[in-house]
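Peer 1: Take this structure, written in C-alpha cells, and hold onto it; I'll ask about it next.
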Amino acid sequence: MAVVPPDDVVDHLDTFLDVRRDAAPFRWAAAEQLHVTVAFLADVPDRKLDDLVERLGRAATRRTAFGAAVAGGGAFPNVARARVLWAGLDTDEDGRTELSRLATGARAAANRAGVPVDGQRFRAHVTVARLGHPEDVTSWVRLLDAYHGPAWTVDRLTLVASYLGQGPRGRPRYEVVEEFGLSR
C-alpha cells in the first residue's frame, strides 16, 4: 500500500537524480517505481483480496487529504553502512499525523483481512536507490538534503501489486490494483 506522488512530482525528482546517477553504481529506482510505502504486504492471497480492498477503502475515508513534498534524504540502516538511499517526505504537523494514521489504518485493515504486514516501523520515504553492499553515502544524503520538490496534495491511498524480477532489467514491476480516496 502506497502514497504515489503525481507525475509532475515524480518527474521533478527523477530529473534531479538523472544527471547524478552515473556518479554511483547503485541500482537506481525507475521513475515509475517512486512511491511512499505505507504498509508492505509480502503476499495477498486471492481469496482475501476483496476483504482487504473493502477494509482499505474504509480506512482511507477516515483520513483527511494533506499537503506534502518530497524533500531531504537519508539511508537505511544508516548513512555509514547504507543499503538503501531514500528521499524524505516533508509535511506539516497535521500531514505527519494524517500520514502516520493512514499507515496505521492500512496495516490494521490488512491484519483484519487476515493479510500479514511487514512489522517494520513506518518511516515516510521514497526509495531512490539500493546498494549491492553496505557503503557510506554521506555525500548522497547531503545532496538529497538540499532537494525540495514541488508540493502536492496527498488525497489517495494506492494498493500496488509488486511482481519481483518482471520489470525492466530484472526490477520489480508494479501494478495498481485499487485506489482509495481520502476524505477532503
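Just so it is clear, none of the values below were taken in a lab; they were calculated from the coordinates. It should be emphasised that the depicted structure is a prediction, and the values quoted were computed from it without experimental measurement. Positions of Cβ are backbone-derived with ideal geometry, glycine not excepted, and every protein chain shown enters the neighbour counts.
Peer 1: Report, by chain and number, residues whose modeled amide H sits under 5 Å from the one on His35, excluding near sequence neighbours (fewer than 5 apart, same chain).
Peer 2: It is Thr127, by chain and number.
Peer 1: Quick one: which residues, 5+ away or cross-chain, put their amide H under 5 Å from the amide H of Val160? H built at 1.01 Å from N.
Peer 2: Excluding prolines and chain starts, which carry no amide H, the hits are Ala2, Val177.
Peer 1: Okay, moving on. Gly73's amide H: which non-local residues (gap 5+, or another chain) put their own amide H closer than 5 Å, with H modeled 1.01 Å from N in plane and none for Pro or chain starts?
Peer 2: Gly88, Asp145
Peer 1: Applying the Karplus parametrisation 6.51 cos²θ - 1.76 cosθ + 1.60 with θ = phi - 60° to the phi angles of the stretch 64-75, what ³J(HN,Hα) value in whole Hz is obtained for each residue in order, glycine and proline being reported as x?
Peer 2: 9, 4, 8, x, 8, 8, 6, 7, x, x, x, 8
Peer 1: So, one more: How many nm is it between the label spots at Asp94 and Arg112, if each spot is 7 Å from the Cα in line with the beta carbon?
Peer 2: Placing both labels 7 Å beyond Cα along the Cβ direction yields 2.5 nm.
Peer 1: Once you wrap a convex hull around the alpha carbon atoms of the stretch 74-184, what is its projected area averaged over all directions, in nm²? Could you put the intermediate results ahead of the total?
Peer 2: On the way: hull surface 35.0 nm².
About 8.8 nm², averaged over all directions.
Peer 1: If contacts are Cα pairs under 8 angstrom and at least 6 residues apart, what is the relative contact order of the stretch 64-184 in percent? Spell out each step's value before the answer.
Peer 2: Numbers: 211 pairs, mean separation 41.4, N = 121.
Across the stretch 64-184, relative contact order equals 34 percent.
Peer 1: Using the Cα gyration tensor of the stretch 2-181, with a ≥ b ≥ c the square roots of its eigenvalues, what is the shape: rounded (a/c below 1.5), prolate (a/b larger than b/c) or oblate (neither)? Write out the running numbers ahead of the final one.
Peer 2: Values: a/c = 1.83, a/b = 1.43, b/c = 1.28.
Prolate is the answer for the stretch 2-181, as a/c is 1.5 or above and a/b outweighs b/c.
Peer 1: Suppose every Lys and Arg Cβ carries +1 and every Asp and Glu Cβ carries -1, with no other charges. What dipole size does the chain come out with about its Cα centre, to the nearest 20 debye?
Peer 2: Values: 24 positive and 25 negative charges, 133 e Å.
The calculation lands at about 640 debye.
Peer 1: Can you give me the angle between helix 46-61 and the longest principal axis of the chain, using Cα atoms only, in degrees from 0 to 90, rounded to the nearest 10?
Peer 2: For 46-61 against the chain, the angle is about 80 degrees.
Peer 1: A further question on this structure: Given only helices, namely DSSP H runs of n ≥ 4 each adding -39500 (n - 2.57), what is the per-residue ellipticity at 222 nm of the chain, to the nearest 500 deg cm²/dmol?
Peer 2: Numbers: 4 runs with 56 residues, N = 184.
Calculated at 222 nm, the ellipticity per residue is -10000 deg cm²/dmol.
Peer 1: Cβ under 14 Å from Ala71's Cβ, Ala71 left aside: what net charge do those residues give with Lys, Arg +1 and Asp, Glu -1?
Peer 2: Values: positive: Arg96, Arg142; negative: Asp90, Asp92, Asp145.
Neighbour charge sum, excluding Ala71 itself: -1.
Peer 1: Quick check: pseudo-label points 7 Å beyond the Cα along Cα→Cβ at Ala31 and Arg58, how many nm apart are they?
Peer 2: 3.9
Peer 1: While we're here: Per-residue counts of other Cβ atoms within 10 Å, averaged by peptide: what ranking do you get for 100-109, 55-64, highest first? Display every interim value, and only then the final one.
Peer 2: Values: 100-109: 20.4, 55-64: 18.6.
Taking the mean over residues of other Cβ atoms within 10 Å, the ranking is 100-109, 55-64.
Peer 1: While we're here: Apply the Karplus curve 6.51 cos²θ - 1.76 cosθ + 1.60, θ = phi - 60°, to the phi angles in the stretch 82-91 and return the couplings in whole Hz, x for Gly and Pro.
Peer 2: Coupling constants for the stretch 82-91: 5, 10, 9, 10, 9, 9, x, 10, 9, 9 Hz.
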